[in-house]
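Presented below is the structure to which this report refers.
We did not get these values from a lab; they are worked out from the coordinates using the rules stated. The structure presented is a predicted model; accordingly, all values stated were derived computationally and were not measured. Cβ sites come from the backbone with ideal geometry, for glycine too, and all protein chains shown count toward neighbours.
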C-alpha cells in the first residue's frame, strides 16, 4: 500500500460543471482542502462529488465570493472511494482558480 500526495487544479474555461479529479480505480482519496483564489468580482462556486457506485451526485460545498479573497471551501476532509469524481462549477470564468490538495491511498506499491 502506498500514499501519494497530489494536487488538482481548477481554472474554469466554461461555466458548466467540470470534473476536477477522479479517484483511481485501485485507490481511495482524501481531499484535504479546496483552496479558492479570486482576484475580484462576485462569484458563486460549487463543488460536488459523483459517487461511482450509485452514479448519484451530492453537493459538498457552496460559496458566494465577493472581492479579492482566498478561502478554503472544504470545511473538513472529504473521502472519495474508487472512481468517485470531484466536480466544480462557477458562474463565471473570470479571475478564479482553485487548488485541491489530495492524499491518494493506493492498494498497489509505488513500483506497481
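Points worth noting:
- Estimated FRET transfer efficiency when R0 is 25 angstrom, pair residue 59-residue 28 (beta carbons, to 0.05): 0.75
- More than 22 angstrom apart: percent of Cα pairs within the chain: 32
- Taking other Cβ atoms within 10 Å as a rough exposure proxy, 107, 28 sort from fewest to most as 107, 28.
- The simple spin-label model puts a point 7 Å past each Cα toward its Cβ; for residue 95 and residue 18 those points are separated by 1.7 nm.
- Extension gain (nm, one decimal) between residue 51 and residue 82, 0.36 nm per residue minus Cα-Cα: 10.3 nm
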